[in-house]
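Report on the structure given below.
The values are calculated or read from the model by the stated rules, or taken from the named source; none is laboratory data. Every value quoted in this text rests on a predicted model; they were computed, and no experiment measured them. All Cβ positions, glycine included, derive from the backbone under ideal geometry; neighbour counts span all protein chains shown. Each accessible area value is taken on the protein alone, full model and side chains, heavy atoms only, with ligands, DNA and RNA left out. Shrake-Rupley method; radii C 1.70, N 1.55, O 1.52, S 1.80 Å.
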Amino acid sequence: MAGNPDGAYRTVCRLCHGGCGVFVHLKDGRVVSVKGDPESPMNRGWMCVKGIKSPEFANHPDRLKRPLRRKKGRGAGQWEEISWEAALSEIAGRIDGIRKETGPETIAIGQGTGRHHYMHVVRFANALGTPNWYEPGLAQCFIPRITVSNITYGGFVVADYYGEVKPKRIIFWGHNPLITGPDGELAVSVRRALDAGAKGVLIDPRRTETGRHCELWLPVRPATDAALALAMINVVIGEGLFDGEFVEKWCYGFEELKAHVKGLTPEWAENITTVKAGDIRKAAIMYAEEKPAVIEWGLGLEQNINSLQTVRAVALLRAITGNLDIPGGDMLGMNVLRGYPTLKDKLPPDALKKRLGADTFKLLGGWRAFMPSAHIPALFKAMRTGEPYKIRALLLFGNNPLLSVANSREVYEGLNSLELLVATDLFMTPSAALADYVLPAAFWTETEQVIGYPLVVENIAYAQSRINETGECRQDEWIMDELSKRLGLPGADETLKHVMDYQLEPLGITYEELKKRHFAHPKHEYKKYEKHGFRTPSRKVELYSRTLERMGYGPLPAFKEPPEGPVSSPDVLSDFPYILITGARTLEFFHSEGRQIGSLRRLRPEPRCELHQTVADRRGIKDGDWVMLSTKRGSIKMKASVTEDIHPMVISAEHGWWFPEKKESFYDVFESNANVLTNNGPPYDPAFGSYQLRGLLCNVTRKD
Ligand SMILES: Nc1nc2c(c(=O)[nH]1)N[C@H]1C(S)=C(S)[C@@H](COP(=O)(O)OP(=O)(O)OC[C@H]3O[C@@H](n4cnc5c(=O)[nH]c(N)nc54)[C@H](O)[C@@H]3O)O[C@H]1N2
Ligand SMILES: Nc1nc2c(c(=O)[nH]1)N[C@H]1C(S)=C(S)[C@@H](COP(=O)(O)OP(=O)(O)OC[C@H]3O[C@@H](n4cnc5c(=O)[nH]c(N)nc54)[C@H](O)[C@@H]3O)O[C@H]1N2
Ligand code: SF4
Ligand SMILES: [Mo]
């Protein structure tokens with residue numbers, strides 16, 4: 001207990017990707033309120049509505065509190081409570097049987113996005129000897145940005161809102177941080193930068209909450225951002241706005257890039273992106289001339305089948321304008337923590353070869369991948385069909401694939417084909433309802449960990465402390481460690497405390513010491529490349545990437561039409577004349593979570609889709625009407641939000657919708673679930689295997 005006059009506990013909120021320093025107040029061991037920590041270098045007292053409602057999550061009557069074993073048929077909703085000892089030994093026994101019979105690769109592991117146990121899942125998979133773990137983000141989220149940054153600049157970047165010099169110009173590109181932060185930095189830092197005078201440009205088919213603070217909006221046609229970025233490079237180079245000194249000294253391949261973008265003018269891009277050439281030119285000039293400037297890039301760039309080259313094109317803009325690692329620019333991380341001990345040397349080489357999709361999608365699953373994982377469509381296909389071999393078991397740690405993976409109906413088939421499904425979660429979800437065992441996970445106030453923020457760049461190390469308990473809920477890491485012991489896996493003799501101390505070694509402190517200080521915040525160093533160069537083969541920023549070339553991918557970024565769209569598939573247009581984007585976030589919900597939290601649900605009672613006034617007029621739809629949204633894959637029901645703040649061809653559907661109150665009808669899991677509409681089929685991005693969640697063709701009709 002520390003740090004606050006009324007004896008509150010000081011820790012970090014992890015209801016989303018986390019990062020807000022907080023004080024938690026307990027009464028009789030239960031969380032009663034959570035308040036922002038004014039001294040936290042990340043949030044300085046601020047919190048979002050979800051975090052503030054943490055007590056409602058923590059104390060919800062539907063929280064899972066004891067391990068459950070299925071009594072009747074799969075999905076019948078009949079459970080019996082069992083002890084941890086029984087659950088762990090039975091599950092370990094079944095895993096052991098399967099690994100001996102058909103090999104550990106036939107056991108898959110699925111996890112959700114960015115949780116405390118993220119790297120521990122990778123460790124557990126390696127120790128178990130299975131190459132087949134997945135997370136529904138990865139190829140569709142963050143891995144393209146991280147990998148491209150590593151290949152291009154030798155490290156990941158984040159906008160510098162923290163030093164004395166602040167960004168003058170911010171480009172929000174397929175990213176809506178006022179709603180979605182902290183995915184990188186926190187919403188509050190962005191808001192403060194804008195309030196302090198930074199000027200914004202929004203590149204997004206929707207004029208978002210963040211966009212309302214911007215002076216220029218480029219409503220891009222979904223999945224065509226690579227063309228937009230190439231045209232901006234064309235302007236920056238063609239009009240001599242690049243940083244000549246930085247390019248000369250620190251960039252590799254400038255002449256090749258210059259020749260490559262020569263004909264890729266704003267007029268060329270207007271034809272593709274539907275954004276006016278004049279606005280493309282304006283955005284490029286604003287970004288290049290007003291230094292320091294940052295690019296807030298997000299999911300809008302990744303959920304398409306040209307994710308590698310789209311993200312690369314945007315990445316190069318930072319370099320040629322000299323905005324890298326300067327005060328108020330996009331800074332390379334300090335990486336204050338030692339890399340998580342993932343036991344990757346324990347995964348035998350022949351297991352590596354069996355990773356599903358790895359030979360094709362080398363930057364997702366191959367040896368050069370940032371965090372090698374399996375290709376989700378290949379994994380679920382292997383579950384359903386046994387091709388190239390049968391996936392027999394799946395262990396889920398904080399993942400609800402029926403809602404978060406593309407093509408929900410195939411996911412359903414996949415889950416039903418398993419011999420063993422184990423789900424660890426806070427609540428009974430539709431995916432957990434299909435399991436053989438359901439294990440109760442600890443809430444964030446009930447877990448401990450060391451975490452670096454902002455994510456991936458790790459400029460600050462934080463201690464998250466375990467401050468209370470609920471029922472028999474356990475931290476996911478504990479569950480994996482207990483299974484490891486029973487299976488005699490490597491690393492089973494090390495506790496989470498060992499791991500945390502190992503991570504902190506470069507800072508010269510232990511977890512117990514960090515807990516007392518709450519966070520460690522070494523001074524930021526800029527222009528680190530001046531000491532050792534960039535961490536790339538040429539020691540420079542690689543505008544032209546030999547690494548990509550050697551792997552068989554384009555060394556310079558290029559645009560590719562999305563396979564389903566007004567240009568590539570005009571034959572489908574008569575039935576599906578609009579462009580669908582899914583999953584633009586809302587403040588109240590984190591993915592499929594929170595639908596049972598009364599106060600949040602009252603703020604957003606129903607699933608919504610946004611469409612343009614002209615579409616509504618054409619279809620006789622009024623704001624608040626129920627509509628049917630359909631694609632070639634299926635149809636769902638949502639309420640219409642009619643607006644002028646969206647590209648007139650685009651319809652934006654929320655994701656993650658299920659109805660915890662409708663247990664009798666399997667939570668109506670297919671009724672308003674955006675992933676009934678999405679496509680998990682080829683083509684995929686050739687390097688990451690990304691599938692399309694945005695930029696698909698759809699139709700909308702009023703539901704009578
Ligand atoms: N409240 C809340 N916060 C979250 C989450 C959540 O579920 N709820 N999820 C977390 C996770 S895992 C992630 S990955 C992040 C995501 O955070 P962001 O990167 O901000 O992602 P989104 O809000 O999904 O999408 C950003 C914008 O992309 C736009 N967009 C769609 N298609 C395109 C396109 O083709 N081009 C361009 N330029 N823009 C496009 C959408 O209109 C949307 O406004 O948020 C994290 N934070
Ligand atoms: N159509 C469409 N689909 C998308 C996206 C999109 O934009 N459009 N976005 C994609 C992206 S970027 C991402 S990252 C994924 C996210 O996908 P997931 O991370 O799978 O998100 P959820 O489906 O909400 O599942 C998370 C589950 O974890 C549980 N949980 C929360 N905390 C803990 C914990 O500490 N331990 C355990 N064991 N469980 C916990 C929650 O109750 C919830 O059931 O969705 C992807 N799916
Ligand atoms: S932004 Fe995330 S970490 Fe911060 S209060 Fe909200 S849920 Fe918690
Ligand atoms: Mo994500």
Count of residues meeting criterion [open to solvent by 20 Å² or more (accessible area, probe 1.4 Å), outside any helix (DSSP H, G or I), of a type outside the set (K, R) and in contact (Cβ under 8 Å) with a residue 12 or more places away in the chain] in segment 593-611: 4
Of residues in segment 136-164 being closer than 16 Å to R535 by Cβ and within 16 Å of ligand 2 (Cβ to nearest atom), the one nearest to the chain's Cα centre (by Cα): I146
Is it the case that segment 196-217 has a residue that's farther than 30 Å from T536 by Cα, hydroxyl-bearing (S, T, Y), out of contact with any helix residue (DSSP H, G or I) (no Cβ under 6 Å at 6 or more places or on another chain) and within 16 Å of ligand 4 (Cβ to nearest atom)? no
I280: closer than 17 Å to D204 by Cβ and open to solvent by 10 Å² or more (accessible area, probe 1.4 Å), yes or no? no
Quick one: which of N459, N468 is at pLDDT below 95, of a type in the set (S, T, N, Q) and either open to solvent by 40 Å² or more (accessible area, probe 1.4 Å) or within 30 Å of N43 (Cβ to Cβ) (or both)? N459
Which ranges mark the helices (runs of 4 or more DSSP H) fully within segment 174-264 that have 3 or more residues being in contact (Cβ under 8 Å) with a residue 12 or more places away in the chain, away from ligand 2 (no atom under 16 Å from the Cβ) and within 18 Å of A319 (Cα to Cα)? 225-238, 244-250, 254-260
For T102: the one exception among (1) within 14 Å of ligand 1 (Cβ to nearest atom); (2) open to solvent by 20 Å² or more (accessible area, probe 1.4 Å): (1)
Filtering segment 486-509 down to residues that are in contact with a helix residue (DSSP H, G or I) (Cβ under 8 Å, 6 or more places away or on another chain) and exposed (fewer than 15 other Cβ atoms within 10 Å of the Cβ) yields T495, K497
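Of the residues P167, P136, only one is away from ligand 1 (no atom under 16 Å from the Cβ), at pLDDT 95 or above and not in a helix (DSSP H, G or I); which? Outline the logic, then answer.
Working: P136 fails: away from ligand 1 (no atom under 16 Å from the Cβ).
Exactly one of P167, P136 is away from ligand 1 (no atom under 16 Å from the Cβ), at pLDDT 95 or above and not in a helix (DSSP H, G or I), namely P167.
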Go through (1) surrounded by fewer than 19 Cβ atoms within 10 Å (Cβ to Cβ); (2) more than 26 Å from the chain's Cα centre (by Cα) one by one and return the number of the condition L514 breaks. (1)
All but one of (1) charged (D, E, K, R); (2) within 28 Å of V31 (Cα to Cα); (3) at pLDDT below 95 hold for D481; which doesn't? (3)
Subset of segment 588-602, residues more than 10 Å from ligand 1 (Cβ to nearest atom) and either under 15 Å from D425 (Cβ atoms) or of a type in the set (A, V, I, L, M) (or both), comes to R595, Q596, I597, L600
Taking segment 677-704, which residues are crowded, with 24+ Cβ neighbours inside 10 Å, under 19 Å from F576 (Cβ atoms) and more than 16 Å from ligand 1 (Cβ to nearest atom)? V700
Within segment 121-133, can you find the residues that are away from ligand 2 (no atom under 11 Å from the Cβ) and either at positive phi or part of a helix (DSSP H, G or I) (or both)? V122, R123, F124, A125, N126, A127, L128, G129
Being in contact (Cβ under 8 Å) with a residue 40 or more places away in the chain, within 23 Å of V499 (Cβ to Cβ) and buried (at least 23 other Cβ atoms within 10 Å of the Cβ) narrows it down to one residue among T445, T429; which is it? T445
